[in-house]
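In what follows, a single structure is set out as structure tokens and then discussed.
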Amino acid sequence: MPGIDECLLEAMRLPGARGASLVDWTSGLALGTVGDAPGGDHETTAAEAAELARIAAEHGTFAAHGDEPPPLEDVIISNGDSYHLLRFVDTSFDSSVFLHLWLGREEGNLALARIRLGEMASRLVLG
Amino acid sequence: MVRTTPPALPVRDKQNTRALSPMLTRLAEERATGVLVREHGVLYLAEGRVVHAESPHAPGLDVLLTAHGTLAGAAWQRAAARTPGPLHAAELLLDSGVLPTGALELCHLDALYDAGYFALAPSSTPGRFRYDSAPRLGPLPSVPVVALERETLRRRLLLHRLWPDPAADSAPLIRADPAAGRTPAAGRAPAAPVAPRQRAVLDRVDGLRTAADIARNLGRQAFHTLVDVRRLTAAGHVSPTAPAPPVTAPLPPHPVTTDPDIALLKRLRDALEAL
């Protein structure tokens with residue numbers, strides 16, 4: 001069964017992966033990081049990504065119908081040279097974490113990464 | 001009504017070299033192994049790294065894992081009975097494979113940073129360190145002292161930005177508006193919307209529970225609960241109850257009964273019943 005580091009290293013094997021982290025969106029704490037971060041600082045990246053994740057998670061506009069957590073699956077950002085994929089992790093205990101994958105746009109495959117990251121998020125907490 | 005966005009999450013200040021506990025800094029430098037007991041919590045160090053933390057203000061790993069059935073309470077108790085402390089119990093659970101590694105690591109880190117935040121809170125008494133070979137670097141992740149200190153400072157700043165008054169952190173909480181949760185009366189502005197995780201906190205505000213009680217009740221990290229409590233306070237949903245006035249009334253100089261034997265026997269009975 002993978003731990004946090006194994007999970008992030010697995011994410012880094014996706015084509016185009018530049019950096020990956022596990023972030024708590026209430027506090028903005030990075031619980032694990034591998035690879036690079038935009039701007040070179042994982043802590044700043046974690047705080048900014050947490051901000052985005054929290055806003056998306058707390059606004060009812062984006063939630064699926066029903067009350068079952070987590071409210072969201074992914075937040076996807078694209079820019080001129082990269083993608084950011086935030087995958088909410090659904091845990092059986094109380095938590096507010098997501099996996100953040102930073103993907104180069106040239107080599108990356110967003111659809112594949114989205115499916116794989118979802119599988120990794122499940123394996124991380126379900127075994 | 002457009003909701004005002006809460007202030008941005010602060011980033012750790014790497015330039016800030018102010019140590020929260022000079023003793024802890026020294027212990028980290030000498031790569032000490034042992035137990036640091038402070039007023040609001042305990043840090044377990046192995047080779048200068050924090051391997052485990054406990055605080056009466058934060059729910060333990062056992063609460064986080066069992067509150068929502070991730071782990072059966074009996075399974076934790078079996079592991080705890082066979083081991084000297086919660087960290088060892090968690091390692092035993094990891095070994096036995098009853099929990100996914102990632103889930104256990106995540107809960108362990110959550111609990112460590114959570115209790116560590118309170119353990120490093122300003123204290124009125126000096127900490128005591130006991131050299132002890134029991135804490136060791138094990139299979140669960142450990143955290144450098146400096147990382148825990150920086151994160152604790154960042155969390156203090158986060159709470160301060162959300163709502164600068166810490167009174168709601170420790171006092172019993174009360175709903176600021178008795179009509180909260182009902183349809184607002186005609187002509188009254190609706191209260192700011194409450195996010196689902198905040199709603200769980202708000203639902204448990206009853207005039208008696210403190211944030212720590214609510215955290216335990218929810219099986220949620222105490223710091224997460226404080227974030228929601230400060231935000232609910234800032235939005236006007238919740239306020240701390242006024243501290244109880246200190247008991248200044250002098251005790252009656254004599255027991256009501258004038259017979260000294262009966263008065264003594266009554267006090268003795270009351271004391272025994274209180275045991």
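Listed by position, the helices (runs of 4 or more DSSP H) inside the range B:50-125 whose residues that are touching a His at 6+ places or on another chain (Cβ under 9 Å) and of a type in the set (Gly, Ala, Ser) number at least 3 are B:101-119. Among the numbered conditions (1) surrounded by fewer than 18 Cβ atoms within 10 Å (Cβ to Cβ); (2) touching a strand residue (DSSP E or B) at 6+ places or on another chain (Cβ under 9 Å); (3) charged (D, E, K, R), the only one that A:ASP41 does not meet is (2). Identify, please: which residue in the range B:141-157 is within 11 Å of chain A (Cβ to nearest Cβ) and touching a helix residue (DSSP H, G or I) at 6+ places or on another chain (Cβ under 7 Å) and is, among those, farthest from B:PRO10 (Cα to Cα)? So the residue we want is B:PRO141. With the condition being touching a Leu at 6+ places or on another chain (Cβ under 9 Å) and within 10 Å of another protein chain (Cβ to nearest Cβ), I'd like the strands (runs of 3 or more DSSP E) fully within the range A:4-85 carrying at least 1 qualifying residues. Fully inside the range A:4-85 and qualifying: A:17-24, A:30-35. Within the range B:15-29, if we keep just the residues that are surrounded by 11 or more Cβ atoms within 10 Å (Cβ to Cβ) and assigned to a loop (DSSP other than H, G, I, E, B), the residue that is modelled with the lowest pLDDT turns out to be B:ASN16.
Conditions (1) more than 20 Å from B:GLY34 (Cβ to Cβ); (2) at the interface with chain A (Cβ under 9 Å from one of its Cβ atoms); (3) within 18 Å of the chain's Cα centre (by Cα), marked per residue:
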residue	(1), (2), (3)
B:THR101	yes, yes, no
B:TYR113	yes, yes, yes
B:GLY116	no, no, yes
B:THR125	no, no, no
B:PHE129	no, no, no
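The values are calculated or read from the model by the stated rules, or taken from the named source; none is laboratory data. Computed from a prediction, not measured in an experiment: that's the story for all the values here. FYI the Cβ positions are ideal-geometry reconstructions off the backbone, even for glycines, and counts take in every protein chain you see.
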